[in-house]
1. Mind checking which lysines have their C-alpha under 27 Å from Lys105, skipping anything on the same chain fewer than 8 residues away?
2. Name all residues of segment 71-113 having a backbone nitrogen under 19 Å from the label point set 7 Å from the Cα of Asn136 along its Cα→Cβ direction, giving them as ranges.
3. How far, in nm, would the chain grow between Asp175 and Thr256 when pulled straight, counting 0.36 nm per residue and subtracting the alpha carbon separation?
4. If you take all C-alpha pairs in segment 12-100, what percent of them are over 23 Å apart?
5. Roll a 1.4 Å probe over the protein chains and send me the accessible area per residue for the chain in Å².
6. When averaged across all projection directions, what area in nm² does the alpha-carbon convex hull of the chain cover?
7. Determine the dipole magnitude for the chain: charges of +1 sit on the beta-carbon of Lys and Arg, -1 on that of Asp and Glu, nothing else is charged, the reference point is the Cα centre, and the result goes in debye to the nearest 20.
8. Anyone know which of Lys183, Lys35, Lys174 comes out most mobile in the 10 Å Cα GNM of the chain?
Amino acid sequence: MQQSSFPAFAKTYKGSLEKVLKDSISKLSAPSIIKESMLYSLEAGGKRIRPLLLLATLEAFGEDVNKGMLTAAAIEMIHTYSLIHDDLPSMDNDDLRRGKPTNHKVFGDAFAILAGDAMLTYSFQLIAETPSEYTNANTLLRLIKELSKAAGAEGMVGGQVADINGENNELSLKDLEYIHIHKTGKLLQYSVVAGAILAEANESTIKTLEEFAYHLGLAFQIRDDILDLEGTEAMIGKPVGSDTSKHKSTYPSILTLDGAKEVLHSHIQQAKEKLRETGLNTELLEEITDLIETRNH
């Protein structure tokens, strides 16, 4: 079903995604406390940009968006688990996430860790449970393999390690890009690539979309760095200036605020150029790209 704009698309499918997330947790045969902890963070809000990127990519290929719903839910679970663990006292030690007390503040460190572990593990099961009417075993195996790389030591976890090691140090721009490409960018890239894989795209198109998502991921994080200075607590759901207070290197700290905005715009433009190279109906993906440049939370 073609949608006229991203807000209409998001309104149509975000509700379906929320239902899949809730139903998936509710049906688990597990202690109620861990299910409550998982749902607390999953239902705390958020833009759902990663799963919506996957669904918008399927839309660009003219595919049935429902084909990717379980993979989209899996991506959101991986993202949410990472936030729970990032907020822990041994990591970023944050009290607020999306304007609410962080998971460990409500459920304690142990159950927060276990809720994250449970979502990480469950995400791969969800992908494997995609109905055979939508895809085949080889495609699911590739989706699981690529998600493992994007979320693990070669991707998000590796980026988190570099981020922790970089605290209280003045990083070079290259070092900072490594952190953002891996900690944030790899999962965003996977979201787009997974849509292309489910659409059975050729390898050339998948590569071009991967390059699009590379620039989009960097733009997303640069915008985060800018909001940490220009936003408000109500906007970003956590204290303003938290990066500065933790002595973290950011794009504005290395390039100045104006310089960071220039690099942000450059990555947005490069992302759009890659979309045009695909020859697909990328209207929704272009809207998402514009929203990332201008978002205020």
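1. Once the sequence-local lysines are set aside, what remains near Lys105 is Lys19, Lys22, Lys27, Lys35, Lys47, Lys183, Lys238, Lys246, Lys248.
2. Zone members listed by number: none at all.
3. Values: separation 81, 0.36 × 81 = 29.16 nm, distance 1.67 nm.
Roughly 27.5 nm would be gained on extension.
4. Working: 1132 of 3916 pairs.
Looking at segment 12-100, the distances longer than 23 Å represent 29 percent of pairs.
5. Details: 12810 Å² over 297 residues.
Accessible area per residue: 43 Å².
6. Numbers: hull surface 56.8 nm².
Over every viewing direction, the Cα hull of the chain projects on average to 14.2 nm².
7. Result for the chain is approximately 600 debye, rounded to the nearest 20.
8. Judging by the Gaussian network model, the answer is Lys174.
The values are calculated or read from the model by the stated rules, or taken from the named source; none is laboratory data. What you are looking at is a predicted structure, and each value in this text was computed from that prediction instead of being measured. Reconstructed Cβ throughout: ideal geometry from the backbone, glycine too, with neighbour counts over all protein chains shown. Note: areas computed on protein heavy atoms with side chains; ligands, DNA, RNA excluded. Shrake-Rupley method; radii C 1.70, N 1.55, O 1.52, S 1.80 Å.
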